[in-house]
Amino acid sequence: MMHLHCSVQLMYLYMVISTLHNNIFIHLLFRGVLAVYGIIIGYMLGRKLDYADDKVYAISQIDGYKNLCAGLSVGLACVASGYGMGNYLSQLNKSEYYFVRKGKADATENASKKMDFVTFVLCLIYLEAIGLYGLIVALFLVG
């Protein structure tokens, strides 16, 4: 009985993977770029710290608040961008949209729920811009 259950699960997994296209994993690239924004600001903030003679970090209170605001601006902007991407993809999955290449729908699929790949990528780029704006604000604060 256990073998039957495992084989059914493997067939289901194969069916799900075979229906997915490579386009589904594009949003992972965008989310990876959001993570790089945090690494950039972390590196720049770490580079600004100076050692004093007694091996203690020397930083003024104003610079400390600027660094805090820079980290919060890039962090919260990237969280908002990631949340927007997740919400957008969730709405697409609930509405059962599918990608159409060159604007032609298959005969078996509903033509009213087709979506062009370019439109999908442009929406993700605009959502990515929220994180980029947070990075730009953080760079002004750090600079």
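The values are calculated or read from the model by the stated rules, or taken from the named source; none is laboratory data. A quick note: this is a predicted structure, and the numbers were derived from the prediction, not measured. Ideal geometry is used to build each Cβ from the backbone, glycine not excepted, and the neighbour counts take in all protein chains shown.
Some notes on this structure:
- Tally of residues being within 13 Å of residue 34 (Cβ to Cβ), modelled with pLDDT under 90 and among the hydrophobic types (A, V, I, L, M, F, W, C) across the stretch 57-95: 1
- Taken over the stretch 54-95, the residue count meeting the criterion of being more than 24 Å from residue 142 (Cβ to Cβ) and in a helix (DSSP H, G or I) is 13.
- Given (1) in contact with a Lys or Arg (Cβ under 8 Å, 6 or more places away or on another chain); (2) surrounded by 15 or more Cβ atoms within 10 Å (Cβ to Cβ); (3) modelled with pLDDT under 90, index of the condition residue 141 fails: (3)
- Taken together, the residues in the stretch 114-143 that are outside any helix (DSSP H, G or I) and either among the β-branched types (Val, Ile, Thr) or over 19 Å from residue 42 (Cα atoms) (or both) amount to 3.
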